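Below is one structure, written out as structure tokens; comments come after it.
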Amino acid sequence: MPRYRDYHEELIDYLKDHDEAVAYLNAAWEESLNGDEESQQLFLLALRNVAEAQGGLGKLAKKVHIRREQLYRILSPRGNPGLRIIRALLVALGVSLRFA
């Protein structure tokens, strides 16, 4: 057995827990409010990581009724999803967005 574990694998295991996934998305959302491009891409990466942990992008794409390739594009660093698709993704993941 290896003495270390890949960070991404560890993160995905961690995000299988719903409460941890919600906390992770909240932290990514807060960071995305900084306004710079890198911060904004962070939320899309967080969504992608949570989707992977919750069964994969293919499963999420089916729930949202879009092609898997389209979802990969949406959640890529160059992705620029609209509010409607973000809402659909969050609902499919079983999380909600709240404002304070």
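Over 19 Å from Arg98 (Cβ atoms) and surrounded by 14 or more Cβ atoms within 10 Å (Cβ to Cβ): does that describe Ala46? When the stated conditions are applied, Ala46 does not pass them.
For beta carbons closer than 7 Å, sequence separation of 6+ or different chains, a first residue in the range 81-100 that is under 20 Å from Gly58 (Cβ atoms) and a second that is surrounded by fewer than 17 Cβ atoms within 10 Å (Cβ to Cβ) and among the hydroxyl-bearing types (Ser, Thr, Tyr), the qualifying pairs are Leu90/Ser96.
Under 8 Å between Cβ atoms, which residue pairs at least 6 apart in sequence (or on different chains) link something in the range 13-28 that is of a type in the set (D, E, K, R) with a partner that is assigned to a helix (DSSP H, G or I)? Pairs that qualify, where the first residue is of a type in the set (D, E, K, R) and the partner is assigned to a helix (DSSP H, G or I), are Asp13/Ala53; Lys16/Ala53; Glu20/Tyr14. Looking only at residues of the range 30-39 that are touching a helix residue (DSSP H, G or I) at 6+ places or on another chain (Cβ under 6 Å) and surrounded by fewer than 17 Cβ atoms within 10 Å (Cβ to Cβ), we find that the one that is modelled with the highest pLDDT is Glu31.
Return yes or no: is Ala61 free of Cβ contacts under 8 Å to residues at least 24 places away in the same chain and crowded, with 18+ Cβ neighbours inside 10 Å? Yes; evaluated as a whole, the condition is true for this residue. The single condition among (1) small (Gly, Ala, Ser); (2) assigned to a helix (DSSP H, G or I); (3) within 15 Å of Leu93 (Cβ to Cβ); (4) without any contact (Cβ under 8 Å) to a residue 24 or more places away in the chain that Ser39 does not meet is (3).
The values are calculated or read from the model by the stated rules, or taken from the named source; none is laboratory data. Given the structure is predicted, the values throughout are model-derived calculations rather than measurements. As a convention, Cβ positions derive from the backbone with ideal geometry for all residues, glycine included, and neighbour counts pool all protein chains shown.
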